[in-house]
1. Quick one: grab the alpha carbon gyration tensor of the chain, order the square roots of its eigenvalues as a ≥ b ≥ c, and give me rounded if a/c is under 1.5, else prolate or oblate depending on whether a/b is larger than b/c.
2. For each of 53, 13, 76, 38, count neighbouring Cβ atoms within 10 Å of the residue's Cβ, then give the residues from fewest to most.
3. For the residues 63, 45, what sequence is obtained by ranking on other C-beta atoms within 10 Å, fewest first?
4. Per DSSP helix of 4 or more residues, -39500 (n - 2.57); summed, then divided by the residues of the chain. What does that give at 222 nm, rounded to the nearest 500?
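Laboratory data are not the source of any read-out in this text; all were calculated from the coordinates shown. The shown structure was predicted, so the numbers you read here are calculated from the model rather than taken from an experiment. All Cβ positions, glycine included, derive from the backbone under ideal geometry; neighbour counts span all protein chains shown.
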Ligand SMILES: [Zn+2]
């Protein structure tokens, strides 16, 4: 990937990783596996390449048949965030 190898959040260095990405869409969550991403070794921020997030948008908006269904438990830490 010929792009900046620095985290835009903290300036830490980025590592190429394959991650599981959860994409919220309205009330639903879409789970993507084996997503190529750059992950900051310092703050853990996940950076998706433009073409990757574009592909995810396309998939989510197209509502295709997923490879498999999996229930995803959702927890909110909104209360902690306010403290
Ligand atoms: Zn960072």
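1. Verdict is oblate for the chain.
2. 76, 13, 53, 38
3. Neighbour counts put them in this order, fewest first: 63, 45.
4. -6000 deg cm²/dmol
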